[in-house]
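Step one of this worksheet: look at the structure below.
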Amino acid sequence: MSINEVHTLVVPKILEGTVIDHIPAGKALEILRVLGISGQEGWRVAVLMNVESKRLGKKDIIKIEKRKLTPDEVNVIALIAPTATINIIENFVVVEKLKVRVPDVIESIIRCPNPTCVSNKDREPVKNRFKTLSQEPLLLQCDYCGIVISRSDIPKLVRR
Amino acid sequence: MSYKFKHRDVISILDFTREDLEFLFEYADKFLNAEGKLDTLKGKVVALAFFEPSTRSRLSFEVAAKKLGADVISIIGEEATSIAKGESFADTMIMLDAYSDIIVVRHRYEGAAKYAAEIAEKPVINAGDGRQHHPTQAMIDLYTVMKLFGTIDNLTYAVLGDLRYGRAATSFIYGLTLFKPKKVYLVSPPLLRIRNDVRQILINRGLPFEEKNDIFEVIEDIDVLYVTRIQKERFPDPMEYERVKGSYIVTLNLLEKGKPHLKVLHPLPKVDEIDHKVDTSKYAAYYYQAKLGIPIRMALLTLVMGVG
């Protein structure tokens, strides 16, 4: 029995929901946090960390039962885990495979770290908006105040 | 060429080309000696929405609009408006959009003018948004250099002062990226250096710049010394302000070490960064610069309102 088969036995297939695979090792908990999954929701969630990966050497995997990710949530994952792949599961079968890519414009997902940016002004119907300056290394620029943020800034700026 | 200005928002000097500015400067020449009141903008309403203190920008926009025959409505500070009652900036802009033909806005939040332009259908002119942009000041500054030297290219500049929070200095430096200066020295205490996002833009645009701590290092090389005030109101930490307060002062003694034709520009207001003895010297160009605010803003209002 191979190591992979052992892992398959440990984490059973899910009936329906989402599998997020190829997460850079150690980033799974950050992804759960930005998706707002605390474990209190009542769904089954499996988190595998630092498992062997041909592509990445080591990787994390998250399996979430019942929950299908929205396009916005997929974009959030792209910001933190650019190598991630997302499989949508129905009846134990993968019905959709999504590769994450940081979009050119990111709206209403992350807030600007600049407290005097108009996008942080109280009582304004304004959406946070960032433009992607570069995919690798990831650099995003606030469309209002021009501040530039990198991948390491993102987890604490995700709106929940 | 005037079609390039018609109904456009004026948010950042970086949205313009060298040709745009040269056209604007030529157009502004028409208003240099304009006497009395014209009827170019008769029947039009110019809204001045100044949520932050201003003397020259507001007054020169108002004078420019009135000289062109327009009516002017004003918001001066948030206290006297419904914003003080909790009304949003967006609602205020919607109202001004209905009441006027063009909105000139100044606000302490970065991006406020861009946000206003997204809300309003009428053109919006940015008269300063936080520490970020002040495009019409940059137009005036570059026009002043053009008037003084007959060119903006091939000159050596030093921009001295608060480069971190000063929007006029930043916009002037951005404006220089549209031309071919010989060299631009950015001189400031280490704490007040240009921000990383600004530095990256200057690199991307190929501006020949160098950052320095001390104006004495470069005074002999420069043709234009652009001085700015330390922007006390934008320091998040008052202790930081105390550390850099009074860290540079431009004196006649300094200027006399420079070229005989050296000119000092300042977007004003100045506090204590220029010794008052400089004011009446051959070096001081800042009062002339302030005066040129009128023809530039007359030209811009005319062109943006599509009657140029």
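Every number here is computed from the coordinates shown, using simple stated rules; none is lab data. Just so we're clear, the structure is a prediction, and the values are computed from it rather than from any experiment. Glycine also receives a Cβ, built like all others from the backbone with ideal geometry; neighbour counts cover every protein chain displayed.
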* **Magnitude of the charge dipole, the protein assembly as shown, Cβ model with Lys/Arg +1 and Asp/Glu -1, debye to 20** => 400 debye
* Asked: Which shape class applies to the protein assembly as shown: rounded if a/c is under 1.5, otherwise prolate when a/b exceeds b/c and oblate if not, where a ≥ b ≥ c are the square roots of the Cα gyration tensor eigenvalues?
  -> prolate
* Asked: DSSP loop chymotrypsin sites (Phe, Trp or Tyr not before Pro) in the range A:77-160 with at most 16 other Cβ atoms within 10 Å of their Cβ, which ones?
  -> A:Phe92
* For the protein assembly as shown, what proportion of DSSP beta bridges, expressed in % and rounded to the nearest 5, is antiparallel? -> 50 percent
* Structure fact -> Magnitude of the Cβ-charge dipole (Lys and Arg +1, Asp and Glu -1) of the range A:105-157 about the Cα centre, nearest 20 debye, reported as 100 debye
* Asked: Do any GluC sites (Glu not before Pro) in the range B:149-240 lie in a DSSP loop with no more than 13 other beta carbon atoms within 10 Å, and if so, which?
  -> B:Glu220
* **Between the range B:235-308 and the range B:105-154, the alpha-carbon center distance in angstrom** => 16 Å
* Asked: In degrees from 0 to 90, rounded to the nearest 10, what is the angle of the helix A:71-80 Cα long axis to the longest principal axis of chain A?
  -> 90 degrees
* Asked: Which of the pairs B:Lys30/B:Lys212; A:Lys97/A:Lys131; A:Lys121/B:Lys147; A:Lys13/A:Lys58 have their Cα atoms more than 31 Å apart in this structure?
  -> B:Lys30/B:Lys212; A:Lys121/B:Lys147
* Asked: If r is the Cβ-Cβ distance from A:Arg123 to A:Glu52 and R0 is 41 Å, what FRET efficiency results, to the nearest 0.05?
  -> 0.20
* Leaving out same-chain residues fewer than 8 places away, which aspartates and glutamates sit with a Cα under 18 Å from that of B:Lys277? -> B:Glu256
* Asked: Modelled label-to-label distance, A:Ser108 and A:Glu90, 7 Å Cα→beta-carbon offset: nm?
  -> 2.5 nm
* Reachable aspartates and glutamates, given that their alpha-carbon falls under 19 Å from the alpha-carbon of A:Lys68 and they are not under 8 places away in the same chain -> A:Glu16, A:Asp21, A:Glu30, A:Glu41, A:Asp60, A:Glu90, A:Glu96
* **Estimated D of the range A:48-139 in µm² per second, where Rh is the Kirkwood radius over Cα pairs and Stokes-Einstein applies at 20 °C, 1.002 mPa s** => 138 µm²/s
* **Potential extension, B:Asn154-B:Leu191 segment - 0.36 nm per residue separation minus Cα distance** => 10.4 nm
* To do: Kindly state, as a whole number, the per residue volume in cubic angstrom of the convex hull around the alpha carbon atoms of the range B:135-290.
  => 102 Å³
* Asked: Tell me, what is the FRET efficiency for B:Asp221 and A:Leu15 to the nearest 0.05, using R0 = 60 angstrom and their Cβ-Cβ distance as r?
  -> 0.20
* Asked: If you take the square roots of the eigenvalues of the alpha-carbon gyration tensor of the range B:90-146 and sort them as a ≥ b ≥ c, do you get rounded (a/c under 1.5), prolate (a/b over b/c) or oblate?
  -> oblate
* Anyone know which of A:Lys121, A:Lys97, A:Lys131 comes out most mobile in the 10 Å Cα GNM of chain A? -> A:Lys121
* Asked: Cα gyration tensor of the range A:3-99, axes a ≥ b ≥ c as square roots of the eigenvalues: rounded (a/c below 1.5), prolate (a/b > b/c) or oblate?
  -> rounded
